[in-house]
1. Taking the Cα atoms of region B:130-175 alone, what are Rg (to one decimal) and Dmax (as a whole number) in Å?
2. If you average the sequence gap of Cα pairs under 8 Å that are 6 or more apart and divide by the length of region B:95-176, what percent do you get for the contact order?
3. Given R₀ = 41 Å, what would the calculated FRET efficiency be for A:Glu41 paired with B:Glu124, taking r from the Cβ atoms and rounding to 0.05?
4. Could you give the semi-axes, largest first, of the ellipsoid that matches region A:45-93, computed as the square roots of 5 times the alpha carbon gyration tensor eigenvalues and rounded to whole Å?
5. Which part of region B:112-150 falls in the paramagnetic zone of B:Ala168, meaning amide N under 15 Å from the point 7 Å along Cα-to-beta-carbon?
6. What order, most packed first, do the peptides B:155-165, A:12-22 have when packing is the mean number of other Cβ atoms within 10 Å of each residue?
7. Could you state the principal axis extents of the C-alpha atoms in chain A, from the largest down, to the nearest angstrom?
8. Cβ neighbours within 10 Å, averaged per peptide: list A:103-109, A:51-57 in order, most packed at the top.
Amino acid sequence: MAKKNDDLLAGLGRFSEPALYILISLADGPKHGYAMTQDIEAVAGQRLGPGTLYGAIARLEARGWIEPLAAEDRRRPYRLTAAGQRVLRHRLESLRSVARVGRARLAET
Amino acid sequence: MTAERLLRLYPPAWRARYGDEFLATVGEARLSVVNVFDIVMVAIDAWLSPDVRNATRAWRPATSGGTGPTNGGGMPMLKAMLRCGRTGSRVTPRDGLIGAGVMLAVSFAFAGAGILLRRSGMPEAGEALKSLAFSVSFVVSMPWWLMKGTPWKAQGVIIGVTLLILIACTWIATRI
């Protein structure tokens, strides 16, 4: 199951990393596009371009991993869905395993 | 260059779905070269990606619900063109057939011309034409499906510029 969800996120191609950042950003509550870019820059040190941001949002929305809420003025917040939480949880678990192996190998040298 | 101008590069359905919030996110400030490049590249993706087209086509402005999961795309191109008329898009089965016909005809024409040039003692030009067959036929068929509903002027600019880039890349590749 974990493998399947990892593959789903990897299936977003060059949008998989921005998509992961967006899922992480939405994990602590709904945010609109600008708030997401600010949060991602603070957390990951990456500034997503507006095109990349909405390219990733469209894909996440198409897969049902995030969903739009009612617009506030011109800004529309998004929230993580249950399916999005599962995908994010499995992806982070997979990254943790990889990081653990990497740290262990570094410690060996 | 302002984001509002760049937004015109995106498909109408994408603009209807994300246009307002996209502009609100970008703000009024002039864009950096990096951001302009990013927006242009994703505009091309928005025209070509089945995922993005599905997400924007299914959008209903009156509700705030999600669009639901899709099958993730990956459909063979010609099949997609022929199916458009049955899936609620503005592209009719006739458009799909014309687009598929144009694509096949241009592919055969380029491949045939490439073979003729090769046999006439111009192997480099022949290879260049053959390598262009698919990409040119794809671009030339776009007005009947991917770009249907886009103003003719915009279609002309997008197709013309894309063809020029393809031909220039091929020309350079034959000289390396």
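1. When restricted to Cα atoms, region B:130-175 yields Rg and Dmax of 11.7, 39 Å.
2. 33
3. That gives a FRET efficiency of 0.25.
4. 20, 16, 10
5. none
6. Output ranking for B:155-165, A:12-22: A:12-22, B:155-165.
7. 55, 29, 24
8. With the highest mean Cβ count within 10 Å placed first, the list reads A:51-57, A:103-109.
FYI, it's all coordinate maths here, none of it is from the lab. Everything numeric in this text was worked out from a predicted model, so none of it was measured. Methodologically, a virtual Cβ is constructed for each residue, glycine included, from the backbone with ideal geometry; neighbour enumeration extends over all protein chains shown.
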